Amino acid sequence: MEFGTVIWIVVLVIAPVAAVLFAGSFGLLDQLGRGDLAIDEAPARPGPRPGSPLALAEREKEIRQLVQARHERQLQRGGTGIDVEAEVGRLLAIDPEQGPDEGARQDAALREEVRQLVAARNERRLARGEAPLDVEAEVDRQLDELSAS
């Protein structure tokens, strides 16, 4: 057999097989990425707006569930349970956006960071032969400037 004849035989045998496989693959492309572990659901709806009555009710319900579960775990371990209502009331009093005294901690941390920056600026001013700034006055000025913007 000549080389040309072999090529024609291979093309005539393989071409129909390839055409059948190609035509049958279009359904497979639609199924790509689907299976037992795939999520075919639409994305969940966003929750209620923060601060709305529905969001506050949902928050109270979740806090109550968590406190009740903690109470039951302590009882199962043989410990004394907690006062669920008092704990729920205490946790509901905490601002969900800020947390307990987080604002004061942030202010103190921010104040300390600005103080460090002012101290570094004073060192550079002294190295250039300029008069140092009053650290507390400069910290207050910069914090006022930050809160105004």
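The values are calculated or read from the model by the stated rules, or taken from the named source; none is laboratory data. Only a predicted model underlies this, so the values are computations on that prediction, with no experimental measurement involved. Ideal geometry is used to build each Cβ from the backbone, glycine not excepted, and the neighbour counts take in all protein chains shown.
Here's the yes/no breakdown for (1) modelled with pLDDT of 75 or more; (2) under 30 Å from V135 (Cα atoms):
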residue	(1), (2)
R34	no, no
G47	yes, no
A57	yes, no
A93	yes, no
P100	no, yes
Q106	no, yes
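Residues checked against (1) farther than 30 Å from A86 by Cα; (2) modelled with pLDDT under 90; (3) assigned to a loop (DSSP other than H, G, I, E, B):
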{"residue": "M1", "(1), (2), (3)": "yes, yes, yes"}
{"residue": "I14", "(1), (2), (3)": "yes, no, no"}
{"residue": "F22", "(1), (2), (3)": "yes, yes, no"}
{"residue": "E60", "(1), (2), (3)": "no, no, no"}
{"residue": "L66", "(1), (2), (3)": "no, no, no"}
(request) Identify all residues within region 125-143 that are surrounded by 10 or more Cβ atoms within 10 Å (Cβ to Cβ) and in a helix (DSSP H, G or I); write none if there are none. (result) R125, L126, V135, E136, A137, E138, V139, D140, R141, Q142, L143
